[in-house]
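Data block below; observations after.
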Amino acid sequence: MPEKETMQKITLGAMPFMSVMPTLLVGANVRGKPNYMTAAWATVACMAPPMVCVAINKMRYTAKGIEENKTFSLNVPSVKQVVETDYCGLVSGAQEDKSKVFRSFYGKLKNAPLSEECPINIECRLFKSVDCGSHLLYIGEVVEIHADTECVTDGKPDITKINPIVYAQLTYFNIGKQVDRAFATGKKYTKK
Ligand SMILES: Cc1cc2nc3c(=O)[nH]c(=O)nc-3n(C[C@H](O)[C@H](O)[C@H](O)COP(=O)(O)O)c2cc1C
């Protein structure tokens, strides 16, 4: 029998770690004006009905807008918008008007601002908010996806065309090379 490979582990303590995260802009109208906030703590929450979620600190100006309208958007910027995206994470709408950082349009919900510049916009109706402590987890039912025509392949958003910003370790990355095919390569697995 081959010798078992040993890997040394150390404990790092409890922290809100996730390997890689998306870089998104949460859009919400606050007192009738669009506001965009950078968010990385976001993911898919449900398939049927389609839902996404984002963890937002209770202090954020954006939280006021979501509470006010019960709607929000998740806008997917491309690497081209990295400066504007980071700016929306450095500055609060409570201090500075961020309504002109992106050109806004509205979709089905009429009061969740969507960024024209971002290639993908996820329009959400608030389903539930979960108070986790410092952050509220806002779960939104997706009512529509708006997509730049040149970022779509076979009716689906295409990340090779969107060129989204990946966030990890206080750094923005773009997506790397394809490693293998999901829901497929596992078929090659042989039991040990
Ligand atoms: C890369 C990046 C990711 C961020 N992710 C989150 C997040 O997921 N949740 C959150 O509450 N704040 C997050 N922030 C901080 C907010 O974007 C920041 O406090 C912003 O100024 C809040 O804007 P607002 O007060 O206009 O809502 C992030 C900031 C950056 C730069």
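The values are calculated or read from the model by the stated rules, or taken from the named source; none is laboratory data. Please read all numbers here as calculations on a predicted model, not as lab measurements. Every residue, glycine among them, receives a Cβ derived from its backbone with ideal geometry; neighbour counts consider all protein chains shown. In case anyone asks, the SASA skips ligands and DNA or RNA and just uses the protein heavy atoms, side chains included. Shrake-Rupley method; radii C 1.70, N 1.55, O 1.52, S 1.80 Å.
The table for this structure:
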{"quantity": "Checking MET37 against (1) closer than 19 Å to GLU116 by Cβ; (2) surrounded by fewer than 17 Cβ atoms within 10 Å (Cβ to Cβ), the condition it does not meet", "calculated": "(2)"}
{"quantity": "Pairs with Cβ under 6 Å, 6+ apart, first in the range 54-70 and closer than 19 Å to TYR106 by Cβ, second of a type in the set (Ser, Thr, Tyr)", "calculated": "ILE66/TYR138"}
{"quantity": "Search result, residues across the range 44-72 that are closer than 15 Å to ILE139 by Cβ and more than 13 Å from the ligand (Cβ to nearest atom)", "calculated": "VAL44, ALA45, CYS46, MET47, ALA48, PRO49, PRO50, MET51, LYS70, THR71"}
{"quantity": "Residue in the range 163-184 that is open to solvent by less than 50 Å² (accessible area, probe 1.4 Å), under 21 Å from VAL52 (Cα atoms), away from the ligand (no atom under 16 Å from the Cβ) and not in a strand (DSSP E or B) present", "calculated": "no"}
{"quantity": "Residue within the range 86-100 that is open to solvent by 50 Å² or more (accessible area, probe 1.4 Å) and either basic (Lys, Arg) or more than 17 Å from THR38 (Cα to Cα) (or both) present", "calculated": "yes"}
{"quantity": "Considering residues of the range 171-186 that are among the β-branched types (Val, Ile, Thr) and over 15 Å from the mean Cα position of the chain (by Cα) only, the residue farthest from ASP158 (Cα to Cα)", "calculated": "THR171"}
{"quantity": "Members of the range 108-133 that are in a loop (DSSP other than H, G, I, E, B), closer than 16 Å to LEU25 by Cβ and in contact with a Ser or Thr (Cβ under 8 Å, 6 or more places away or on another chain)", "calculated": "ALA112, PRO113, GLU116, CYS118, PRO119"}
